[in-house]
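Remarks on the structure that follows.
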Amino acid sequence: MSRNPSSTAPATAPLPQGLVEPDAKVCSATFVAFTEGPAADASGSVYFSDIINNRIMKLSAEGKLSVFRADSGRTNGNIFDREGRLVSCEGSEMGPGGRRRIVRTDMKTGQVTVLTEHYEGKRYNSPNDLAIDSQGRIYFTDPCYGDRSIMEMDIEGVYRIDVNGSVARVLAQPAIQRPNGIAITPDDKLLYLVDSNPNPGGNRKIWAFDLQAAGTLTNQKMIYDFAPGRGGDGMRLDVQGNLWIAAGISMVRREGETTDNPPGVYVITPSGKLLGRIPVPEDLITNLTFAGPDKKTLYITAGKSLYRIKVNVSGWSVFP
């Protein structure tokens, strides 16, 4: 697949015109440690992971911060399903205690159900992020960003959990290298995937796949290429179909990375046109979610903080 030069991140980009007010700036919503995986419930409360401290935090719609789960199994990505249950990726990064599985929490009873923790007899690498289609099928990414010495899986992939509990691997290497953020369009026609490999020459691409009725993926197409800068991490969609992607760094962390992409939220059309970037004053941007009754408050996990900014377009979520 050839690279499209017009779909490459520039060194600077304006605010996405029309989607954000010209003078809008992100502001800190709260300070924690290393934040990831924000997800908003129907009431506007935001749940997000603090991976270093191995917990899930809750920021209420009124701004009160509390610990939702003290031992989170190194949870990374989170999402709410149509029944208001919290589905979480328990990973293996940043310390011991990672349970490397997908779980679902009934928010009314507190009961935690393990949806999957093995595939073909092997434990997952480090489940990272997830999306849910209109049938309730869960798609999650399983890259290897953690300690490779404890990994059992010999490949990194994308998996689908069907409503009957069966699990299928729908993507694997070499089609993708290191899957991270993931999103599904409201009509279930497309699945977008962030392929973010920080190694020299690794993919920093955003892929689109046709999502078939059976839950399989076909017709892989590159939408955007962040190379040679840091690639994307988390991703969400708005109701207009645009992709909102957390990406970029201000300081090089390893060989193969550059600071070509400043940290922020990059807004990209389905055709691969960059509409602009919302700058975020942190070195490492990880994920984002839309919250509030109109889903026009964007929450961004970045480094040690959770940020928010009002936007002019509603985000898409699986619940009403």
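The values are calculated or read from the model by the stated rules, or taken from the named source; none is laboratory data. From a predicted model like this one, the values you see are computed outputs, not experimental measurements. Here Cβ is always computed from backbone atoms with ideal geometry, including for glycine, and neighbour counts include all displayed protein chains.
Numbers at a glance
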{"quantity": "Residue count for segment 232-263, restricted to those that are buried (at least 20 other Cβ atoms within 10 Å of the Cβ), touching a residue at least 40 places away in the same chain (Cβ under 8 Å), out of contact with any Phe, Trp or Tyr (no Cβ under 9 Å at 6 or more places or on another chain) and outside any strand (DSSP E or B)", "calculated": "3"}
{"quantity": "Number of the condition not met by Asn164 [criteria: (1) in a loop (DSSP other than H, G, I, E, B); (2) surrounded by 22 or more Cβ atoms within 10 Å (Cβ to Cβ)]", "calculated": "(2)"}
{"quantity": "Test: residue in segment 189-197 that is free of Cβ contacts under 8 Å to residues at least 60 places away in the same chain, hydrophobic (A, V, I, L, M, F, W, C) and within 23 Å of Glu120 (Cα to Cα)", "calculated": "no"}
{"quantity": "Residue, surrounded by the most Cβ atoms within 10 Å (Cβ to Cβ), within segment 66-109, restricted to residues that are acidic (Asp, Glu) and under 18 Å from the mean Cα position of the chain (by Cα)", "calculated": "Glu90"}
{"quantity": "Residue within segment 283-305 that is part of a loop (DSSP other than H, G, I, E, B), of a type in the set (Gly, Ala, Ser) and within 25 Å of Val87 (Cα to Cα) present", "calculated": "yes"}
{"quantity": "Segment 277-295, residues that are modelled with pLDDT of 95 or more and surrounded by fewer than 18 Cβ atoms within 10 Å (Cβ to Cβ)", "calculated": "none"}
{"quantity": "Test set (1) at pLDDT below 95; (2) of a type in the set (Ser, Thr, Tyr); (3) part of a strand (DSSP E or B) - Tyr159 fails condition number", "calculated": "(1)"}
{"quantity": "Thr113 vs. criteria surrounded by fewer than 13 Cβ atoms within 10 Å (Cβ to Cβ) and closer than 21 Å to Asn164 by Cα", "calculated": "yes"}
{"quantity": "Failed condition for Ala39, given (1) touching a residue at least 12 places away in the same chain (Cβ under 8 Å); (2) of a type in the set (A, V, I, L, M, F, W, C); (3) over 25 Å from Leu237 (Cα atoms)", "calculated": "(3)"}
{"quantity": "Segments classed as strands (runs of 3 or more DSSP E), wholly inside segment 35-149, with at least 3 members that are modelled with pLDDT under 95", "calculated": "35-40"}
{"quantity": "Single residue of Arg69, Arg85, Arg99, Arg104 found to be farther than 21 Å from Ala42 by Cβ and out of contact with any helix residue (DSSP H, G or I) (no Cβ under 6 Å at 6 or more places or on another chain)", "calculated": "Arg99"}
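Let's see how each residue does on (1) in contact (Cβ under 8 Å) with a residue 12 or more places away in the chain; (2) of a type outside the set (Gly, Ala, Ser); (3) out of contact with any Pro (no Cβ under 6 Å at 6 or more places or on another chain); (4) closer than 14 Å to Gly37 by Cβ:
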site: Thr75; (1), (2), (3), (4): yes, yes, yes, yes
site: Gln111; (1), (2), (3), (4): no, yes, yes, no
site: Ala131; (1), (2), (3), (4): yes, no, yes, yes
site: Gly136; (1), (2), (3), (4): yes, no, yes, no
site: Asn164; (1), (2), (3), (4): no, yes, yes, no
site: Ala175; (1), (2), (3), (4): yes, no, yes, no
